Structures are given as structure tokens and as C-alpha cells.
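A.B. asks: Let me give you the structure first, and then I'll get to my questions.
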Amino acid sequence: MKCCSASNRTLAYVVFRLALGTNFMFHGLARMLGGGVEGFASGTTRAFTGTLLPPGVVHAFLTVLPYIELILGVLILLGLFTRWALAAGGLLMAVLMFGTSMRSDWVTVSIQMIYVIALYLALANLDDNCCALDRLLCKSKA
């Protein structure tokens, strides 16, 4: 990563990263607090009835999904392990898109693809990630 500067790109990246992290974090929180993780998992599992996905596997995945979203959101928001959090977010989206495709819910797949593009842009422009805990950790190791 290059030296931090107060460029427009740097500011744009910080704002973009904060928004993306907040989005992921609140996806997880809303699912935890809204109807609870079990309510979310049970309700969403029913949407996969009639697909080739085993209900037990779907329910298990949906039970851990809010925690994964929360953790990834906090990491992205703080700029901590940003590279790996963004990559994990992209892989998570691939899994979600697989499941959503099994339901033939193409509108939701299209929305999920927007998240993939956002994660790609954040990862591809990671050199602009100046105002982040990663930067502090990098400086303390030097």
C-alpha cells in the first residue's frame, strides 16, 4: 500500500468502505434483533422448499449467516483485515447467489450481484484504504 494522502480517491474509498461495512453489519444485526436468528433462519428456510438444497443444510447456514455478516461488516467498517474481509464477503455473496439461483429468484440475484461489484471495487482499490486499522497495524510493524 502506498503512503496515505488526503486525496479525493482516499476520501472516496473511506466513505465507500464505511458504507459497505455499515450495510453488512446491519444486515447481521437486523436479522439478530428483528425476529431473532432462529426466526430468520426458520422463515427463510421455508423459501427453499422445493429446491435441491437440503433443509437442514439451509437452516444451519442461515443460522450462522447473521453472525458472518456482522463480523464482516465490523471488519470492513473498521478497516481491519480489510483485504480478507472483502474477499470473504465476495465468497459469501457467491454462496448466497448459488442458493438464490436455486430458488430462481433472479431479482434478488441481481441485487446480490451489485454487492459483488461493490466488494470487487473495494478490493481492487485497496491501495486507497488509508483511514483504517490495517494502516495502524502496518505502521506498528515497521
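The values are calculated or read from the model by the stated rules, or taken from the named source; none is laboratory data. If you're wondering where the values come from, they're calculated on a predicted model, not measured in any experiment. Neighbour counts run over all protein chains shown; Cβ positions are idealised from the backbone, glycine included.
A.B. asks: Looking only at the stretch 11-21, count every residue that is within 15 Å of residue 75 (Cβ to Cβ) and either of a type in the set (D, E, K, R) or loosely packed, with under 15 Cβ neighbours inside 10 Å (or both) and tell me the total.
C.D. replies: 2
A.B. asks: Still on this structure, please answer the following. Where residues in the stretch 113-136 are at pLDDT 95 or above and farther than 20 Å from residue 8 by Cα, which of them is surrounded by the most Cβ atoms within 10 Å (Cβ to Cβ)?
C.D. replies: Ranking the qualifying residues of the stretch 113-136, first place goes to 115.
A.B. asks: Select the helices (runs of 4 or more DSSP H) contained entirely in the stretch 23-111, then report the ones holding at least 2 residues which are within 12 Å of the chain's Cα centre (by Cα).
C.D. replies: 55-78, 82-102
A.B. asks: When you go through (1) within 17 Å of residue 17 (Cα to Cα); (2) polar (S, T, N, Q); (3) in contact with a Phe, Trp or Tyr (Cβ under 9 Å, 6 or more places away or on another chain) one by one for residue 63, which number turns out not to apply?
C.D. replies: Condition (1) is where residue 63 drops out.
A.B. asks: Check the stretch 7-17 and report whether any residue there is on the phi < 0 side of the Ramachandran plot, touching a Pro at 6+ places or on another chain (Cβ under 6 Å) and modelled with pLDDT under 95.
C.D. replies: Checked against the condition, which is being on the phi < 0 side of the Ramachandran plot, touching a Pro at 6+ places or on another chain (Cβ under 6 Å) and modelled with pLDDT under 95, the stretch 7-17 yields no hits at all.
A.B. asks: In the set 73, 50, 79, which member is touching a Phe, Trp or Tyr at 6+ places or on another chain (Cβ under 7 Å) and of a type outside the set (Phe, Trp, Tyr)?
C.D. replies: Every option except 73 fails the conditions.
A.B. asks: Do any residues in the stretch 36-59 that are under 15 Å from residue 97 (Cβ atoms) and among the hydroxyl-bearing types (Ser, Thr, Tyr) have Cβ atoms under 9 Å from those of residues that are modelled with pLDDT under 95 and assigned to a loop (DSSP other than H, G, I, E, B), where the two are at least six apart or on different chains, and which pairs are they?
C.D. replies: Correct list of pairs: 51/103; 51/104.
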